[in-house]
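Comments concern the structure below.
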Amino acid sequence: MVVTYHRPTRAIIHRSAMRENIEHEIARLPKGNELFAVVKADGYGHGAIATAQTALAAGATGFCVATLDEAIELREVGITEPILVLSVVFPSYLSLVADYDLSITVATKEWLEEAQEVLNDLSETTAPIKIHIKADTGMGRLGFLSPQEVKTAAAFIEASPNMIWEGLFTHFATADEKDESYWHKQATRFKAVTDALDHLPRYVHSSNSATALWHDHEMPGNMIRYGVAMYGLNPSGHELVEPYALNPAMELVSELIQVKQLTAGEGVGYGKTYDTPEAEWIGTVPIGYADGWLRKMQGFSLLVEGEFCEIVGRVCMDQLMIRLPRAYPVGTKVTLIGKNHGQEIPMQAVADHLGTIHYEVCCTLSERVPRIYQD
Ligand SMILES: *Cc1c(COP(=O)(O)O)cnc(C)c1O
């Protein structure tokens, strides 16, 4: 998809906001603990490369991504710090993992056996593969279920001439909730895993943003995987109060491209789902569902000079219409996410309107919307 620069719609990414969020978090970490910045899914829609570079400058010492290609993207721009791929990489791609010096996640014994066969066939000069063992302590997604299985996997890796045991980790399912009982159950299970091992690898990690924010005195490990909070978003939505102010990194803005006064009883948009009850000023904004501003956003209000203006009629593929309190000149700024004349639309408000979480809102913003970086 082509990035549409020649249109006033853009996502403005504030590097200073990300930097402050990271610096704040690092300042709270126990001494010696490291922060890996999670930049999967193109940095949650904020741009993986720019986010990674900003995070590095702010003190991050490594990165987490979801896929092999996301890891390669970072290496290709010269990032040399550790990069952990959080999801499963098929053993057939192991030569790429070695070539790009990546760290990968292992979650089953079968994977290890298959990987060893693949590695046996690679040239002797291929570097050993760095492995983080994943323990499933209650997420039910990836990982070994019992301490014994983890122990066996660790022994397998340490016995292999082609593998390095670099990490051990788990993932919490409910760290963003008021009720902490399940979090503690998972933490206890993870402790049983670490207790069962004779020694631990270089990195032991369990904390996503929510664990780092709300379980900072009890989080297991020596590294955190800091994701959504780096982008200035509260992982819990409305449920928990953040221990330090998170600065939202993304603004989404556009401009009015046409402003017209419709007489009473005129239809707006496909399906004529809105009829003007009286003479009204209607403004057209060049953003639509192809940009990731979904049709369900009908009825939500955008900001124009500090006034909330409702999206009337259906959101089109490339445009939408808003009801204006008065005539504004073409070119007037429209804020979809962010601050405008003392008012603000947080990304959480968009998520609330859609019945989802802000993670999904920023990831849904399509490639067509240019990301413009500001210091
Ligand atoms: C995405 C992800 C994270 C980061 O989660 P946030 O809630 O964004 O901090 C951490 N660990 C794993 C395994 C993940 O998949």
Exercise. In degrees from 0 to 90, rounded to the nearest 10, what is the angle of the helix 48-58 Cα long axis to the longest principal axis of the chain?
Worked result: 70
Exercise. Distance from the Cα centre of segment 132-155 to that of segment 331-375, in angstrom?
Worked result: 38
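Can you give the percent of C-alpha pairs in the chain whose distance is more than 37 Å?
31
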Seminar exercise, completed: Check: C-alpha center segment 280-326 vs C-alpha center segment 255-271, spacing in Å is 11
Exercise. Which percent of Cα-Cα pairs in segment 250-345 sits in each 10 Å bin, short to long?
Worked result: 18, 54, 26, 2
Problem set entry | Cβ-defined net charge surrounding residue 263, 13 Å radius [Lys, Arg +1; Asp, Glu -1] | -3
Seminar exercise, completed: Counting sequence-distant residues (5 or more places) and residues on other chains, those with an amide H built under 5 Å from that of residue 168 are 133, 203, 204, 205
For this session: Would you mind finding the longest exposed-site-free stretch of the chain, with exposed chymotrypsin sites (Phe, Trp or Tyr not before Pro) meaning DSSP loop and at most 13 other Cβ atoms within 10 Å?
Result: 6-243
Seminar exercise, completed: Checked against the positive end of the charge dipole of the chain (+1 on Cβ of Lys and Arg, -1 on Cβ of Asp and Glu, about the Cα centre), the farthest of 88, 11, 217 is 11
Exercise. Too long at a 32 Å Cα-Cα cut-off: which of 151/185; 31/109; 185/339; 185/296; 109/185?
Worked result: 31/109; 185/339; 185/296
Problem set entry | Burial order of peptide ranges 249-256, 216-223 (average beta-carbon count within 10 Å, highest first) | 249-256, 216-223
Seminar exercise, completed: Check: C-alpha center segment 220-238 vs C-alpha center segment 1-57, spacing in Å is 12
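Only sites in a loop by DSSP and with at most 10 other Cβ atoms within 10 Å count here; which trypsin sites (Lys or Arg not before Pro) in segment 263-338 make the cut? Walk me through the numbers on the way to the answer.
Working: sites: 272, 295, 296, 314, 323, 326, 333; in loops: 314, 326.
Qualifying residues, ordered by number: 326.
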Exercise. Sorting 76, 149 on the 10 Å Cβ count, fewest up front, what's the list?
Worked result: 76, 149
Exercise. Which trypsin sites (Lys or Arg not before Pro) in segment 168-245 pass both tests, a DSSP loop state and at most 13 other beta-carbon atoms within 10 Å?
Worked result: 178
For this session: For every helix of n ≥ 4 consecutive DSSP H residues, a contribution of -39,500 (n - 2.57) applies; sum these over the chain, divide by its total residues, and give [θ] at 222 nm rounded to the nearest 500 deg cm²/dmol.
Result: -8500 deg cm²/dmol
Seminar exercise, completed: For segment 238-277, the Cα-Cα pair-distance distribution in 10 Å bins from 0, as whole percents, is 19, 25, 18, 21, 17, 0
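FYI, it's all coordinate maths here, none of it is from the lab. Quantities reported herein were computed from a predicted structural model and do not represent experimental measurements. In this analysis, Cβ positions are derived from the backbone assuming ideal geometry, glycine residues included, and neighbour counts consider all displayed protein chains.
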